[in-house]
Structures are given as C-alpha cells and as structure tokens.
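The values are calculated or read from the model by the stated rules, or taken from the named source; none is laboratory data. Keep in mind that what you see is a predicted model, and the values were worked out from it rather than measured. Ideal geometry is used to build each Cβ from the backbone, glycine not excepted, and the neighbour counts take in all protein chains shown. Keep in mind that these areas ignore ligands, DNA and RNA; they rest on the heavy atoms of the full protein, side chains included. Shrake-Rupley method; radii C 1.70, N 1.55, O 1.52, S 1.80 Å.
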Amino acid sequence: ITMSVNPTTISVHQGRNDSVLVAIQGVNGFASSVTLSVEGVPTGVVAGFSGGRTSIPIAANTGVNTGLLIAVNASAAPGNHTLTVRARGQGVDDKTATLTLTIMPQPGTLALALNPAARTLPPGQSTTVTATITRGGSFPGAVNLTAEGVPPGVTVSFDPASIPAGVSTSTVTITAAASATQGQYAIVVRAKGQGVSDQLATLALTVAAPGFSLSVSPATVGRPAPPATSASARVSSSAAS
C-alpha cells in the first residue's frame, strides 16, 4: 500500500478545526482492509477520520480517499506539533505520513456599545453617555476612543480616551456651545485596539433649545353665579436628556 496526506502542514486557531485529505492506494494486487490511526496528537486536540471509520476496505489496485479532521480545543497550548498518520494492512508493511500542526492563539475580538445611544442636548449644556468595550480571544490590550462626525459647536471628550487593560468603560461627555446649530446629528465613536478590527457605535444627538408646554384643566368651565369656579394651568419645561 501507499499513503499520502494533503496538505502536509496546517495552522489552526484555538477553538477551531480543519481537515486534510488522506489518500490510500493498493498496489501489486493488495485487496484487504486498512486500519488507520494517528499518533502524536497533543493534549487539547482531537483527530478523527471521516464518518468515524478507522478501517477502510481497499479493492485490488484501487485507491480510497478519506478526511482527517483536526479539532483544536480552546485550552490547547499554542505551538508546533508533528502528527503521524499510520496505515496498517495485513501482510504488508505499515505506511506512515506526517502532518505538521501549528496551534495558534484565538484571534482577538473587540466590541463597543454606547448607553444610552441617543441624547437630546440644549445649546450651552453638556450631557454624558457610557462607552463599554468587550474584549475577547487573545486581545487584552488598551483601546483608544475617538469621535467622528461631530457637528460645529459640539465637542466630544472621553474619560479615559485610552481604556487600559483590565478596564472596560469610559465616560463620554458631549457639550453643545450656545452657538451650536439646532438639529439632529449622528456622532460615530470609534474603538481602536492593536491587532483587532476597529469597532464603531453611533450616538444619535439632537441639539434643541429648551421649550415649554401649557395645559389647562378642565378645558371647559361654565360661568355660574357666585361662588365662582376655577381652573388650573400647568407649565412644563424641557431640559437636556
């Protein structure tokens, strides 16, 4: 028999899996079952053949292909490993093929959220929201925050502007100058970390002057003879929110 593995080198992240093709060929009239096994599998890695089959029948002078699945647990140690695939048939020498497996750390991830995601702000006042980041995988580092699309007359600041490792929140302060133009705006907050994709979150900002509303209760009164009746009026003012 002959046997080969293709490809002979694979790289798999922690928590992921991959597969290679194992090709077995019967030669010189060999016709029997071939038993497959894998040696040198490191801790935290599972290696198995397609369909769970380890015994594969081979017809005379024919070939059979099967897949070898490599599943790497999140706890597997990163590094390089050599796996040996062995094919054993009755009356013939064992055949082996080597597979080089490189285990890589989980890719880093980053997420960003704003709470609340919308604010109403009168000119001349300030308000705050909280920016929260979530790190994942192999990314533990600092995250820098910036604001984009800030309208004229409005300023945005972060405390802190660079969120250090071990910290997950920053206070975002939005200030509208007295001269700020009233309207609705979308301010984009960008979170940037080393080795991970930038993440964006949008703050819906409404710049609006404070106002008031007037209501009278009851809405209708008669005009009877004394004693007189009365109605109440309520004024409600709006503020930053």
Practice problem: Please name all residue pairs, on different chains or six or more residues apart, with Cβ atoms under 6 Å, provided the first residue is in the range 184-208 and is at positive phi and open to solvent by 60 Å² or more (accessible area, probe 1.4 Å) and the second residue is at pLDDT below 95 and of a type outside the set (A, V, I, L, M). | Solution: Gly195/Gly108
Self-check item: Residues of the range 158-173 satisfying the condition of being over 12 Å from Thr130 (Cβ atoms), assigned to a strand (DSSP E or B) and open to solvent by 60 Å² or more (accessible area, probe 1.4 Å)
Solution: none
Quiz item: Going through the range 76-114 one residue at a time, which ones are within 30 Å of Val34 (Cβ to Cβ), surrounded by 15 or more Cβ atoms within 10 Å (Cβ to Cβ) and of a type outside the set (Lys, Arg)?
Solution: Ala76, His81, Leu83, Val85, Ala87, Gly89, Val92, Ala97, Leu99, Leu101, Ile103
Quiz item: Ile56 is checked against (1) of a type outside the set (Lys, Arg); (2) in a strand (DSSP E or B); (3) surrounded by 16 or more Cβ atoms within 10 Å (Cβ to Cβ); (4) at pLDDT 95 or above and fails just one. What number does that condition carry?
Solution: (4)
Quiz item: Any residue in the range 34-51 that is within 31 Å of the chain's Cα centre (by Cα), more than 30 Å from Gly136 (Cα to Cα) and open to solvent by 50 Å² or more (accessible area, probe 1.4 Å)?
Solution: yes
Quiz item: Among Gly166, Gly124, Gly136, Gly149, which is of a type in the set (Gly, Ala, Ser), touching a residue at least 40 places away in the same chain (Cβ under 8 Å) and over 30 Å from Thr2 (Cβ atoms)?
Solution: Gly124
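Is it the case, given these coordinates, that Thr128 is among the polar types (S, T, N, Q), within 29 Å of Ser75 (Cβ to Cβ) and open to solvent by 50 Å² or more (accessible area, probe 1.4 Å)?
On the way: among the polar types (S, T, N, Q): yes; within 29 Å of Ser75 (Cβ to Cβ): no; open to solvent by 50 Å² or more (accessible area, probe 1.4 Å): yes.
So Thr128 fails the test.
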Exercise. Kindly list the number of the only condition in (1) surrounded by fewer than 16 Cβ atoms within 10 Å (Cβ to Cβ); (2) closer than 24 Å to Ser138 by Cα; (3) in contact (Cβ under 8 Å) with a residue 60 or more places away in the chain that fails for Asn73.
Key: (3)
Quiz item: What number of residues within the range 5-16 satisfy the criterion of being exposed (fewer than 14 other Cβ atoms within 10 Å of the Cβ) and assigned to a strand (DSSP E or B)?
Solution: 3
